[in-house]
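Reviewing the structure listed below.
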Amino acid sequence: MNYRLIFQMALLLLATGSAAALAPTRGQDWAYLGSDESGQALCVQQYHGQVVVVSFWASWCSSCLEELRALSSLQLQYPRRLAVIAVNAAESEQVIARFERRLGPEHGLIFARGSEPELSAAGVDGVPQTLVLDTEGRVSSRHIGFSDGLALTLSREVASLLSGPELFKE
């Protein structure tokens with residue numbers, strides 16, 4: 001798959017005001033997640049066979065910190081079969097690193113930096129916002145905001161997606 005072409009199409013659609021057409025919806029594939037701390041691209045295909053939870057967050061958002069702590073607990077339950085990717089677009093790498101340290105050394109999350117156009121292309125217009133992707137990389141659900149109830153909902157969704165007949169328990 002040509003990710004550069006997809007990214008260029010996303011930018012073109014953003015420029016023409018049609019970003020909503022690219023927002024991933026239930027059952028839809030979604031490819032590019034952002035770049036990791038070393039600048040390497042993170043793509044859904046890298047996590048084929050795993051459930052992926054993508055959390056869009058900002059350091060000034062107290063609900064985001066709560067959500068990432070809950071997702072960290074979930075990640076630690078399924079270390080090989082779940083990938084939780086925390087995507088931040090608007091803040092510096094130093095701010096992201098400081099925020100990551102607040103979660104502690106054993107959080108298990110993958111931090112990524114996206115860009116405003118990429119978040120817009122994903123339909124993200126506020127934080128926290130969370131996408132759950134199945135083991136094939138398709139969007140299973142989208143959640144806007146965070147509450148204690150969402151932590152339980154996400155836990156159930158992940159467990160359900162991981163309980164397919166072809167998958168083994170941890």
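The values are calculated or read from the model by the stated rules, or taken from the named source; none is laboratory data. A quick note: this is a predicted structure, and the numbers were derived from the prediction, not measured. Every residue, glycine among them, receives a Cβ derived from its backbone with ideal geometry; neighbour counts consider all protein chains shown. Heavy atoms of the whole protein, side chains included, go into the accessibility calculation; ligands, DNA and RNA do not. Shrake-Rupley method; radii C 1.70, N 1.55, O 1.52, S 1.80 Å.
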Can you spot a residue in the stretch 41-51 that is out of contact with any Leu (no Cβ under 6 Å at 6 or more places or on another chain), open to solvent by 80 Å² or more (accessible area, probe 1.4 Å) and modelled with pLDDT under 55? no
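Which of the residues belonging to the stretch 93-112 are open to solvent by 80 Å² or more (accessible area, probe 1.4 Å) and under 15 Å from Cys64 (Cα atoms)?
Hits for the stretch 93-112 are Arg98, Arg101, Arg102.
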Touching an Asp or Glu at 6+ places or on another chain (Cβ under 7 Å) and in a loop (DSSP other than H, G, I, E, B), is that true of Phe111? no
Would you point out which residue out of Leu103, Leu152 is in contact with a helix residue (DSSP H, G or I) (Cβ under 7 Å, 6 or more places away or on another chain) and free of Cβ contacts under 8 Å to residues at least 40 places away in the same chain? Leu103
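When you check Leu133 against the structure, is it open to solvent by 10 Å² or more (accessible area, probe 1.4 Å) and within 11 Å of the chain's Cα centre (by Cα), yes or no?
When the stated conditions are applied, Leu133 does not pass them.
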Please go through the stretch 36-48 and give me each residue that is in a strand (DSSP E or B) and under 12 Å from the mean Cα position of the chain (by Cα), ordered by number. Leu42, Cys43
Considering only the stretch 78-91, state which residues are over 13 Å from Glu116 (Cα atoms) and open to solvent by less than 50 Å² (accessible area, probe 1.4 Å). Tyr78, Arg81, Leu82, Ala83, Val84, Ile85, Ala86
Only one of Ser55, Ser72, Ser59, Ser63 is open to solvent by less than 60 Å² (accessible area, probe 1.4 Å) and either part of a strand (DSSP E or B) or modelled with pLDDT under 85 (or both); which? Ser55
Scanning the stretch 140-159 for residues that are open to solvent by less than 50 Å² (accessible area, probe 1.4 Å) and either in contact with an Asp or Glu (Cβ under 8 Å, 6 or more places away or on another chain) or in a helix (DSSP H, G or I) (or both) gives Ser140, Ser141, Phe146, Gly149, Leu150, Ala151, Leu154, Ser155, Glu157, Val158, Ala159
